[in-house]
Each structure stands twice: as structure tokens, then as C-alpha cells.
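Single-structure report; data block below.
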Amino acid sequence: MRRTEGKDMIFKMWPTRAKVLVCTLGALVAVADFSAPGDINIAIFYCLPIVLAIWSRSLVWLWSSTVVFILLTFVGFRLAPPPTHLDPSWIHWTNRGMTASALILVAISIHLRLRTYELLDRAIAEREQAQKGLRQSHDRLELIVEQRTSALRQLSSRLLQAQDEERRRIARELHDSVGQCLTALKINVDVLKRSEFIAGVDKVLEESSALLDQALTETRTISYLLHPPLLDEAGFVSAARWYLDGFAKRSGVEVRLEMPIEQVRFPNSVELGLFRVLQESLTNVHRHSGSPEVDIQLKLAAESVILKIRDYGHGIPPHVLQRFREAGTGAGVGLAGMHERISELGGHLEISPANPGTVVTVSMPLSRDKDTLTNSAKAGQSGRNYPAA
């Protein structure tokens, strides 16, 4: 950059310095013209300071110096020593007139060049002004996009929270309302079974009782899957063990689990986020991967918790995985929701290919406060019975 500026300064000069140079060179030509005999036309060299006047970038200075040099052209012949050749004086005056005409032509050429420079400077200034306006518009648009993105993220966070609250409400309604009705109905059926009734009804009552048992089990399972009470009462580790046991029984997928034995509690938002990631990942394994086994590992770092889920199935196509890494989309609503939830909590979600299968790694930051991260001996001691997931 400095080398370029130095090179430009060779061909460009400050206007004040250019004017000083024009005056100095003009004075030297005048001294030489006044000292030489009248028939030696030194005045033609006034063209040089007129040409150098282009650096002054001033039309007024150009024509002022041109007029002065024309006057000096004729004055120089008058004040110069007598000519060496005794030619008629009109020849010398004509020669000086032609010199003045040449100076005027040079000045006109420099005038046109300066006008071109002015037009170029004006065009450059307008272009820079337009570029400045474009940059300002671009900055304003970026600010608007950033504000809209922030608003969308906040809206997404609120939607996720509302979804979790709705799941919790539905789970509570299923457990407290539908579950109680089914339980009461089962009691009535059992009473009818023990009473003397029409022959052949026993079989119907037994089938009805079995269906009620199945309905109760399914209702409780749905309720606990929507929002497992263990997550609030005993923490993520206990809720994950309960969920994985049920998942292995339902899907037939072998689950290998590596988690802390002690009942470690995390912040509520972190526990909920980890559990939803675990649910979504295992759902994808069961529906799409075709993996016969899954490895799940939970690690505690200094200020974060890391959950890693590895399957041995078909894996995610590379182009889908690349699009998800770049834009967070293209891999289904479930993974996009996982990514959004983890991002809102300040965590990091990474999905990488394995040979075979896929690895889902979630890193969540932790607050090392006593109220949010405890090693509780009371966790999991509520005495409540939970069905298999």
C-alpha cells in the first residue's frame, strides 16, 4: 500500500508545490530569455511551466500564468540584447507572436485535460458516495436481519417452553383424569368377576380386564414419555435409565449405557434439554437407522456435561449432514428442534458420521452453583412406582 502511494506521488503533487515549481521554472526561462540575444527565442520554453500548471488543478492559475508568460515573451524581446543577425524587426515580432500562439495552444490542451480530471473526480466522488450509501444500507439491513433473527430465536425458545409446558399438562391430565377413570373401571370389572353372574360372562370380563390393564399401562407410558416425573424428582440420570430400559424392551435394540452411578442433578433446563435430545436420537435410531445396538455415554467436565449417542446403522447421507451443519435444516424437524433447543441453552450440538452409523454429541454448559448442580442422596427416593417406558 505504501509503495503504491509513493508511486502515485511521483505523478501527483500538492497544488502549492506545483505553483511554486511553475513560478520557479518560469523565472528561470525569463532570466534566460532576457539574457540571450533577441533573435534566439528562449520564450518557447514557457511551455514547460504551463504544462506543469496541470498539477495545480486550477484553471485560474493556468490562465493567469499563461497570460504572464505571454507578456514576458514580448517583454523579453524588448529587454533582451540586440539580435546577432540584422533581420527586419517584424520577423522577430512575428516569431514571438507564433511563440505566444503556441503557449495559448498548450494552455488550451492543459485546460481540456483539467476539465477531464474534474469530471473524473466528480464521478469518483459520486461513486464513493453511492458506495457509502450502499454500505450504510447494507449495515442497516444486517442490523434488521440480526434483530429479526434474535426475535425469531426468542419466539422459538418461547414455543419450545410452551411445548414442554403443554406436554407436562397433558401428562398430568392423562395421569390424573383418564388414568383414574380407567382404574375405577378396572375395579368395577374385578368386582363383577368375583360376583355370581350369567354363565359365559367370565371370559368377557377377563378380556375386558386385560384390555383395561393394557389401556392403563399405555396411558401411564404416554404420560411419562410426554414428561417423566422422574426428571423432576430424581434428575436426568434416573429418568434416562428408566427411559432406556423401556426403549430396549419396545424396540429390541441393545442399549449399552455409561453414566455416573451417583445421582447428579443439573439445572432443570439442562436436564430437560438432555432428555429431549436422548428421546429424539433414539427415536431416529429406531425409525431410520436400523441399528441393532446403541452406545450412550454421559460425561461430566469441569464446567459442562457431555452426552454422546452412537449407533451402528445406515447413517445420515453426507449432503443432508452438510446442509444441517451449514444451515441447521434439511435433516428433519426433530434434529432442527434439537439444534434450536441446545443453542438456546448455550450448548453445542454436533452430528458426525461414523463407520458405520452416526454419532450425536451434545455439550451443555453448567453453573457450578450448589442449587443447580448437587450430588443428592435423596434423589430417586420418592417411593413412587413408574411403569416401563
Quiz item: Looking at region 250-262, is at least one residue crowded, with 20+ Cβ neighbours inside 10 Å and out of contact with any Pro (no Cβ under 9 Å at 6 or more places or on another chain)?
Solution: no
Quiz item: All but one of (1) surrounded by 12 or more Cβ atoms within 10 Å (Cβ to Cβ); (2) within 60 Å of the chain's Cα centre (by Cα); (3) at pLDDT below 85; (4) not polar (S, T, N, Q) hold for His92; which doesn't?
Solution: (2)
Quiz item: Pick from Glu173, Glu165: which is under 30 Å from Leu244 (Cβ atoms), assigned to a helix (DSSP H, G or I) and at pLDDT below 70?
Solution: Glu173
Self-check item: Of residues in region 14-64 being at pLDDT 85 or above and in contact with a Gly (Cβ under 7 Å, 6 or more places away or on another chain), the one farthest from Ala107 (Cα to Cα)
Solution: Ala30
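Would you point out which residue out of Leu231, Leu216 is modelled with pLDDT of 70 or more, crowded, with 17+ Cβ neighbours inside 10 Å, in contact with an Asp or Glu (Cβ under 8 Å, 6 or more places away or on another chain) and outside the structural domain of Ser343 (by TED's automatic domain parsing)? Lay out the reasoning, then the answer.
Values: Leu216 fails: in contact with an Asp or Glu (Cβ under 8 Å, 6 or more places away or on another chain).
Exactly one of Leu231, Leu216 is modelled with pLDDT of 70 or more, crowded, with 17+ Cβ neighbours inside 10 Å, in contact with an Asp or Glu (Cβ under 8 Å, 6 or more places away or on another chain) and outside the structural domain of Ser343 (by TED's automatic domain parsing), namely Leu231.
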Exercise. Could you please give the count of residues in region 346-359 that are surrounded by fewer than 17 Cβ atoms within 10 Å (Cβ to Cβ) and on the phi < 0 side of the Ramachandran plot?
Key: 8
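Results for (1) more than 20 Å from Thr358 (Cα to Cα); (2) assigned to a strand (DSSP E or B), shown as yes or no for each residue.
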residue	(1), (2)
Arg256	no, yes
Leu272	yes, no
Arg276	no, no
Ser281	no, no
Asn284	no, no
Ser291	no, no
Ile296	no, yes
Quiz item: Going through region 70-88 one residue at a time, which ones are surrounded by fewer than 12 Cβ atoms within 10 Å (Cβ to Cβ) and without any contact (Cβ under 8 Å) to a residue 12 or more places away in the chain?
Solution: Leu71, Arg78, Leu86, Pro88
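The values are calculated or read from the model by the stated rules, or taken from the named source; none is laboratory data. A quick note: this is a predicted structure, and the numbers were derived from the prediction, not measured. For neighbour counting, all protein chains shown are included, and Cβ atoms are generated from backbone atoms with ideal geometry for every residue, glycine included.
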